[in-house]
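The values are calculated or read from the model by the stated rules, or taken from the named source; none is laboratory data. On a predicted model such as this, the values are computed, not experimentally measured, just so you know. No Cβ is skipped: glycine too gets one built from the backbone with ideal geometry, and neighbour counts run over all protein chains shown.
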């Protein structure tokens, strides 16, 4: 019940009491006024009781209405707080949306840039693929030419090996012929003409004055291996090397030492250092001392 309705009810009750009093005063002047007064007094009491009950009910309703208003005000305050929070959240969401929109724009721009780069990369890849195909063709052609050249090199190597073997055989035959010529010359007491068939061209080294058995032609080789004072040479009996021959070891124009042969194989010879200025090493040249001495004259 609203406050206006309650005020209206109170006014109605007041007017009812006033009307009752006026009616009682009027009726009192009439006959049987006493019974009427008692009756109206009872009605007045009943009306007063109803009025009091109505006032109490109105007060209770008013208190309830105040409690309801207070609750509604509290609810309104809560809703305002929620609204403030939602407003803040909305503003944050709007800022996040703006940021997301900017990031989306940046991402789209980057994506477009990457698409362009990808297109350029694909174009470059096609060019590289073409170049690679060309290089593969050239590589195949070079490999084929390399195989042909390898075959040619193998063929020439084989021919060189054959020619070297033939040269070695000719040198051995020449050495045998010179040995026979020397023997024949000694038998006939004539100068050995084989000694002038080939002029040795050994290195002219100073300070070398070794003695060795006589050889017919210059014997030249190189050092294969060195173990302490034991030196292995690349020439042997097939080249005219004999035991006790002395070979001069030299490195370019520099004298290294003298080696006296103590063991002879067909293709190798070994001996010990009898004099040296430095340690020989593999690859040093070796020339028999007699031929070297003759070349100095």
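Remarks
- Test result for residue 278, at pLDDT 90 or above and either crowded, with 17+ Cβ neighbours inside 10 Å or more than 17 Å from residue 291 (Cβ to Cβ) (or both): yes
- Within the set 95, 100, 120, 112, the sole residue that is over 30 Å from residue 267 (Cβ atoms), outside the structural domain of residue 239 (by TED's automatic domain parsing), at pLDDT 90 or above and surrounded by 10 or more Cβ atoms within 10 Å (Cβ to Cβ) turns out to be 95.
- Looking across the range 252-297, the residues that are over 58 Å from the mean Cα position of the chain (by Cα) and part of a loop (DSSP other than H, G, I, E, B) come down to 265, 266, 297.
- Only a single item in (1) modelled with pLDDT of 90 or more; (2) over 26 Å from residue 164 (Cα atoms) is not met by residue 185, and it is number (1).
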